[in-house]
Structure formats: C-alpha cells, structure tokens
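> Got a structure for you, written out below as structure tokens; questions coming shortly.
The values are calculated or read from the model by the stated rules, or taken from the named source; none is laboratory data. Computed from a predicted structure; not experimentally measured. Glycine also receives a Cβ, built like all others from the backbone with ideal geometry; neighbour counts cover every protein chain displayed. Just the protein is used for accessible areas: all its heavy atoms, side chains included, with ligands, DNA and RNA removed. Shrake-Rupley method; radii C 1.70, N 1.55, O 1.52, S 1.80 Å.
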Amino acid sequence: MSSHEHPLGISFEFFPPSTDAGRDKLIHVRDELAARKPRFFSVTYGAGGSTQARTREVVRAVGESGINTAPHLSCIGSEKAQLRDLLAQYREEGVESLVALRGDMPSGMGSIGELRYANELVEFIRAETGDHFDIAVAAYPESHPQAPNLDKDVENFARKMKAGANMAITQYFFTADAYFNFVDKARALGVEQPIIPGIMPITNYTKLARFSDACGAEIPRWIRKQLESYGDDSEAITAFGTDVVSRLCQRLLEGGAPGLHFYTLNQAAPVLRIVDNLAG
Ligand code: FAD
C-alpha cells in the first residue's frame, strides 16, 4: 500500500451519468472522494454497448483527478474485434486497470457474442494485452442469481481468478458471514488473490429493495422491518442505514477484509458518513 493511500484501502464506484448536470455533479463528487485518497475509482459499463462511449468519457473525466480509474468491461453480446479495439483505446488513453465482467444480455438483444463467461474475457484480455492491465472480477458471497448453488458458483469464480485476475470485488451484502464463508470456500479452491467486499450504503429503502431482488443480494428481515417502519422519513433511514453498514464494514475489516469498495451511486455524502465512522 502506498503511504498516500487511505489506511483502510478504500475504492469508489461510479456510473456514467446520462445528463450534463449529472456529469457536472460527478466531478464534485469525484473531488470530494479523491480527497480521501482511495486506491482507485471504477466506472460501470452497460452490457450490449449501450453506455460504452459514456463509460470512456467518464473514465477520462474521473481519471483527471490523478486517481487510478478502472473502466468496467463486459463481454456478453460483443465480438472479439470490438473488445480488441476497446482494449487498444483504453491502453492508448493510459488506463491501467479494468473490471472484467460477463454482463447481462439486455432483453431483445441479438446474439450472445464470442465470449460467454467472465473467465473467457479474462483469458482474452491476458492473451491480447499480457500483463498490461490489472484485472478485477466480480464475486457473489450470496451466490450469483443464475448459479445452481454456491459451491458451483465458487468453482466458476475460482476459474476466472485462475485465468489471470488480480483481485475480486463482491456484490454487496449485509451479512458479514456470507463474505467470510465465500472467502473460505475460494481459498479452499486455491484462490489467493484479494477479495474486496462491495459496500452499498442504505439511503432509500424502495430502490434498495428493488435492486437487491434483481441482483440476488439479501436484505435481512430485521433490517427490512426497521427500514419499512420509517416510511418516508429519509433522515431516519439514513441514520439507521449508516449505523448498520458502518458496523458491517467494521466486522469485515476486523475479520481480515483487504479493503472496501463502495457503490457510491454517484453520491459522496452516504459513503463519507461510513468512511468517517470507520476512521473515527
Ligand atoms: P460470470 O463470472 O461469467 O458468471 C455468470 C454466471 O455464470 C454465474 O452464475 C457463474 O456461476 C456462471 N459461470 C461462470 N463461468 C462459467 C463457466 N465457465 N461455465 C459455466 N458457468 C459459468 N454489470 C454490467 O452490465 N456492468 C457493470 O459495470 C457491472 N459491474 C459490476 C461490478 C461488480 C463488482 C459486480 C459484482 C457486478 C457487476 N455487474 C455489472 C453485474 C454483472 O455483469 C452480472 O452479475 C452478470 O450477471 C455476471 O457477470 P460476471 O462477470 O460475474 O459473470
């Protein structure tokens, strides 16, 4: 770890805004978060190429902060030639890290493409660009929604780590033991690289519930019940959510998590409340 880095090894994820106002706001958020000296920023990518151009643009803008900025890159629905071009462009633009994903097929979109799973994408990036990029991949402590069971999913996860990934970032979760259990299973299969927990701040119950259903992240009943009881009281939701997620982070770090990756949803305040709780 560099001496200029936050001692907890934090990193922050953004999505490409669709409006000029959103882009302007993101620059402020970037600056607020850059001041906390993260290891890296990352910028998500829409499967099927819908936001590829926007991801590149935002990677450039966010990277002007001087913080290493990693584009997310998904392979489903893409041909090798397109991915080759994109890798060449990122290389030319000075990008050094990538988050490599399969992605999800947008409904009604055409063919799956030439690479079906993230392990094939990692192999492809290594074959095309050697060790140029640091590659992170996705991990699912509560199992990927399409996997038949957790053990099978961890086997698939180990395959993509062995294909040449440098680290993994997890889907968010609210149960620390799900993370520790996943890490134990991965280590038993010979995975040695860091597995960084992905952390989702809680600020809006309805959105969180919808998103969690879609991505297979469980909101424990006691958290759901408490959040439901607050109705529209966003101050109460934020206070409770900050406390729950700060305690989760604390447990993860005490249990040996090698850093924390925050899903910012392009907002600085919710993650900074948590980071400041941990620092204090
Ligand atoms: P894979 O690792 O390929 O796994 C997908 C499924 O296939 C799993 O069920 C797995 O068990 C199974 N599997 C894997 N390999 C094999 C194999 N060789 N043979 C048989 N089965 C296999 N989505 C976006 O569109 N854009 C983003 O920017 C984005 N960023 C993300 C960042 C993080 C940190 C995370 C956790 C997720 C992100 N996603 C993003 C979501 C992700 O694209 C979806 O979860 C997608 O469904 C799976 O992608 P993956 O790379 O994990 O796939």
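> Quick test for you: out of GLN171, GLN226, pick the one residue that is open to solvent by 50 Å² or more (accessible area, probe 1.4 Å), in contact with a Phe, Trp or Tyr (Cβ under 9 Å, 6 or more places away or on another chain) and of a type outside the set (Asp, Glu).
Exactly one of GLN171, GLN226 is open to solvent by 50 Å² or more (accessible area, probe 1.4 Å), in contact with a Phe, Trp or Tyr (Cβ under 9 Å, 6 or more places away or on another chain) and of a type outside the set (Asp, Glu), namely GLN226.
> Further, regarding this structure: How many residues, within the range 199-223, are without any contact (Cβ under 8 Å) to a residue 60 or more places away in the chain, surrounded by 17 or more Cβ atoms within 10 Å (Cβ to Cβ) and not hydrophobic (A, V, I, L, M, F, W, C)?
3
> Do we have VAL43 as at pLDDT 95 or above, β-branched (Val, Ile, Thr) and within 15 Å of the chain's Cα centre (by Cα) here?
In short, yes.
> Out of all the residues in the range 184-198, is one or more within 30 Å of ALA239 (Cα to Cα), open to solvent by 10 Å² or more (accessible area, probe 1.4 Å) and within 13 Å of the ligand (Cβ to nearest atom)?
no
> Being surrounded by 16 or more Cβ atoms within 10 Å (Cβ to Cβ), outside any helix (DSSP H, G or I) and more than 9 Å from the ligand (Cβ to nearest atom) is the filter here; which residues of the range 145-165 pass it?
ALA163, GLY164, ALA165
> What are the residue pairs meeting all of these: first residue in the range 115-130, first residue aliphatic (A, V, I, L, M), second residue in a helix (DSSP H, G or I) and open to solvent by less than 30 Å² (accessible area, probe 1.4 Å), Cβ atoms under 7 Å, and 6 or more apart or on different chains?
Correct list of pairs: LEU115/LEU121; LEU115/PHE124; ALA118/LYS160; VAL122/LYS160; ILE125/LEU87.
> Consider SER246 carefully, then state whether it is at pLDDT 95 or above, open to solvent by less than 20 Å² (accessible area, probe 1.4 Å) and farther than 18 Å from GLU142 by Cβ.
yes
> Still on this structure: Condition first: over 30 Å from ASP24 (Cα atoms), among the aliphatic types (A, V, I, L, M) and in contact with a helix residue (DSSP H, G or I) (Cβ under 9 Å, 6 or more places away or on another chain). Can you find one or more residues in the range 220-230 that meet it?
Within the range 220-230 (the criterion being over 30 Å from ASP24 (Cα atoms), among the aliphatic types (A, V, I, L, M) and in contact with a helix residue (DSSP H, G or I) (Cβ under 9 Å, 6 or more places away or on another chain)), the answer is yes, since at least one residue qualifies.
> Filtering the range 131-144 down to residues that are part of a loop (DSSP other than H, G, I, E, B) and within 7 Å of the ligand (Cβ to nearest atom), which residue is nearest to PRO197 (Cα to Cα)?
TYR140
> Which ones in the range 238-280 are of a type in the set (A, V, I, L, M) and outside any helix (DSSP H, G or I)?
Those that are of a type in the set (A, V, I, L, M) and outside any helix (DSSP H, G or I): ALA257, LEU260, LEU265, ALA268.
> If you don't mind, there's one more thing I want to ask. Scan GLU120, GLU128 and give me the residue that is near the ligand (Cβ under 9 Å from one of its atoms), assigned to a helix (DSSP H, G or I) and in contact with a helix residue (DSSP H, G or I) (Cβ under 9 Å, 6 or more places away or on another chain).
Going through GLU120, GLU128 in turn, the sole match is GLU120.
> Take the residues in the range 127-143 that are open to solvent by 20 Å² or more (accessible area, probe 1.4 Å) and touching a strand residue (DSSP E or B) at 6+ places or on another chain (Cβ under 8 Å), then tell me which one is farthest from PRO71 (Cα to Cα).
Looking at the filtered set, the residue picked out is GLU142.
> Does ASP233 fit the bill of being more than 14 Å from the ligand (Cβ to nearest atom) and either among the small types (Gly, Ala, Ser) or open to solvent by 20 Å² or more (accessible area, probe 1.4 Å) (or both)?
yes
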